[in-house]
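Each remark here refers to the structure printed beneath this line.
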Amino acid sequence: MASLSQGLRNNRISVESLSKSPILCPFEKVFPSQLNRDDAFYMRLAYNAAIDAYNQNEVPVGAVITHHGEVIATSHNQVELTGDATAHAEILAITQATRKCQDWRLNECTLFVTKEPCPMCSGASVMARLGRVVYSVADKKMGFLGGALDISKVQSLNHQLEITGGVLEEDCKELLAHFFSIKRT
């Protein structure tokens, strides 16, 4: 047991997180047509990633990054799994995308995420020079692309994001609401 505990500490996974059983998401993944690759198409892919998060007892937020219409990164929240407060879907996807592009500047990339990015993820989007961020559900408490604050309104930043909100909002809102209602009971 001592070696297991040591191994868990080294991998930043706690015994508590292993004992938490995954919860089964009652929502089905969606399979959008490849013929119409619009914002809703990519958001449905992010929604599928959010369902993966839900099934792993994580806040169901999914993210997809595209480069000229090609998906180069897909992730979901992994905060509970890793015990790392920075393991948000957006941060993990940005890391994947920078590796794929072999450049930290993602000017020609678009981030699709199922919930408005928090201060950390909004800041990372600016720092990574993402060209565009598309989100589903606005977050009035922690969203920093128009919800609680709008980082895009800060004129002194050396990069400005193009922002689109509300894509596939009802589906993503329902997924988040259901997850938190289960957590409260």
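The values are calculated or read from the model by the stated rules, or taken from the named source; none is laboratory data. Values in this document were obtained by computation on a predicted structure and should not be read as measured data. Note: ideal-geometry Cβ built from the backbone for every residue, glycine included; neighbour counts use all protein chains shown. Quick note on the areas: whole protein, heavy atoms, side chains included, nothing else; ligands and nucleic acids left out. Shrake-Rupley method; radii C 1.70, N 1.55, O 1.52, S 1.80 Å.
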For the chain, the longest principal axis of the Cα atoms and the Cα long axis of helix 89-101 enclose an angle in degrees, to the nearest 10, of 70
Extension length gain for ALA40 and LEU149 (0.36 nm per residue less Cα distance), in nm, is 36.8 nm
Taking Cα pairs closer than 8 Å and at least 6 residues apart, the relative contact order of segment 121-180 in percent is 40
Rounded to the nearest 500, the 222 nm mean residue ellipticity computed for the chain from DSSP H runs (n ≥ 4, each -39500 (n - 2.57)) alone is -11500 deg cm²/dmol
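Please report, as a whole percent, how much of the solvent-accessible surface of segment 44-142 comes from carbon and sulfur atoms (probe radius 1.4 Å).
Carbon and sulfur atoms account for 52 percent of the accessible area of segment 44-142.
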Note to self: with every protein chain in place and a 1.4 Å probe, the chain gives an accessible area per residue in Å² of 53
The simple spin-label model distance between LYS183 and GLU70, using points 7 Å out along Cα→Cβ, in nm, is 3.6
Between the modelled labels at ILE23 and ARG105 (7 Å from Cα along Cα→Cβ) the distance in nm is 4.4
Flagged as over-length at 25 Å C-alpha distance, from LYS141/LYS173; LYS153/LYS183; LYS141/LYS183, the pairs are LYS153/LYS183
Of 57-67, 84-94, 164-174, ordering from highest average Cβ density within 10 Å down gives 57-67, 84-94, 164-174
So the angle from the long Cα axis of helix 169-184 to the longest Cα principal axis of the chain, reported in degrees to the nearest 10, equals 20
Here the averaged projected area of segment 18-103, based on the convex hull of its alpha-carbon atoms and given in nm², is 6.1
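Name the shape class, rounded, prolate or oblate, that the alpha-carbon gyration tensor gives for the chain, where a ≥ b ≥ c are the square roots of its eigenvalues, rounded holds for a/c under 1.5, and otherwise prolate holds if a/b is larger than b/c and oblate otherwise.
Prolate.
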